[in-house]
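I have placed the structure first, in the form of structure tokens, so that the comments after it can refer back to it.
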Amino acid sequence: MYTVQMENECACFIKSEYTNNNTFTTQSEAYQYANILAELMNEEFCSKHTFVAEIAEGNNFVIRVAINATSVSGCSTGVTCDVGCNSTDDWALENTATESCGSGCGCS
């Protein structure tokens, strides 16, 4: 038997129709289920977490839960915001300051 289990059950998982510790007769079925479930949770849940299916010890697959850095930081740019969304560093992707030409193009 092969088991697919959640590493930690977040509030969205607990409220969902999904269950933890599902067993399958073949490794292929467990692998497919783990990957599909992780993908569905990434699409359907609140986006505060991200979910990744991984092979674990023995006949187990685990769906790991991580904090979604984009959701937590409030950044909507699609980048990881390692310097923060309000950064004005010249090299930061988030830089929105305009230069002296006045066109808003960011030229110098």
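The values are calculated or read from the model by the stated rules, or taken from the named source; none is laboratory data. Being a predicted model, the structure only gives us computed values, none of them experimental. Counting neighbours? That spans all protein chains shown, and the Cβs are built from the backbone with ideal geometry, glycine included. To get the accessible areas, we keep the full protein, side chains included, count just its heavy atoms, and leave off ligands, DNA and RNA. Shrake-Rupley method; radii C 1.70, N 1.55, O 1.52, S 1.80 Å.
Quick notes
- Within segment 10-31, the set of residues being within 24 Å of residue 67 (Cα to Cα), open to solvent by 90 Å² or more (accessible area, probe 1.4 Å) and part of a loop (DSSP other than H, G, I, E, B) comprises just one member, 17.
- Answer from 52, 65 - the residue that is in a strand (DSSP E or B) and open to solvent by 50 Å² or more (accessible area, probe 1.4 Å): 52
- Some residue of segment 5-12 being over 18 Å from the mean Cα position of the chain (by Cα) and at pLDDT 95 or above: no
- Residue list for segment 37-49, restricted to those being hydrophobic (A, V, I, L, M, F, W, C) and either surrounded by 15 or more Cβ atoms within 10 Å (Cβ to Cβ) or assigned to a helix (DSSP H, G or I) (or both): 37, 38, 40, 41, 45
- Scanning segment 41-55 for residues that are touching a Ser or Thr at 6+ places or on another chain (Cβ under 9 Å) and of a type outside the set (S, T, N, Q) gives 41, 44, 45, 46, 48, 49.
- Number of the exception - residue 70 against (1) modelled with pLDDT of 50 or more; (2) of a type in the set (S, T, N, Q); (3) part of a loop (DSSP other than H, G, I, E, B): (3)
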